[in-house]
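A short worksheet on the structure shown next.
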Amino acid sequence: MHQNKYYHEAVACVKDHVLPAQRELYERAGRDFDVVYGRLMNQGMYFGRVIEPNHSYELGYHQCTCPKVLDGTVTSPEHCECTRQSILYILHELAPGKHFKVEILSTILSGSDKCRFKIVVE
C-alpha cells in the first residue's frame, strides 16, 4: 500500500478503537462488504451503500469524526486525506489479499453537509 504523509497519523488514530469495531462488523457480516455497506453500516453516525455488488461502495459520515477538526486544530479540507488513509488502512487490515481504491467524494471541511467516500475493490 502506498503511504502518504497522513498514513501514520491515520493508523494511529484508528488502530486501537475503530479497527477492532470494523473487524467485528466485518466478521458479523460473514466477511462480505455487500452486507457491511448495504445493511450493517447504516446506523449511528455512519452510512453506506452498495454501488456495484462485490466491487464498489459508498461510505459516509453524517458529521466529521476527526478529533483535530472537532477541537478546531485543523480546518483545511486537505486533512480529509487522513480519513481516506484510515479507510484504506482498515480495508487492508480486514481483507489483506484484496486491493482497494478510496476516493473522496465530498467532505464537511469542503462545505458539504456530510463526508462521503467511494470504495472500489479491484
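Rule-based calculations on the coordinates, nothing more; no lab input. Note that the structure is a prediction, hence the values are computed from the model and not measured. Note that each Cβ is placed from the backbone with ideal geometry, even for glycine, and that neighbours are counted across all protein chains shown.
Any idea how many residues of segment 48-85 are hydrophobic (A, V, I, L, M, F, W, C), touching a residue at least 60 places away in the same chain (Cβ under 8 Å) and out of contact with any strand residue (DSSP E or B) (no Cβ under 8 Å at 6 or more places or on another chain)?
Going through segment 48-85 one residue at a time, the tally reaches 1.
Which one of Leu109, Leu25 is touching a Pro at 6+ places or on another chain (Cβ under 7 Å) and among the aliphatic types (A, V, I, L, M)?
Of Leu109, Leu25, the one residue that is touching a Pro at 6+ places or on another chain (Cβ under 7 Å) and among the aliphatic types (A, V, I, L, M) is Leu109.
Taking Ile104 as meeting all but one of (1) among the aliphatic types (A, V, I, L, M); (2) in contact with a Lys or Arg (Cβ under 7 Å, 6 or more places away or on another chain); (3) more than 19 Å from Lys118 (Cβ to Cβ), write down the number of the exception.
Among (1) among the aliphatic types (A, V, I, L, M); (2) in contact with a Lys or Arg (Cβ under 7 Å, 6 or more places away or on another chain); (3) more than 19 Å from Lys118 (Cβ to Cβ), Ile104 violates only (3).
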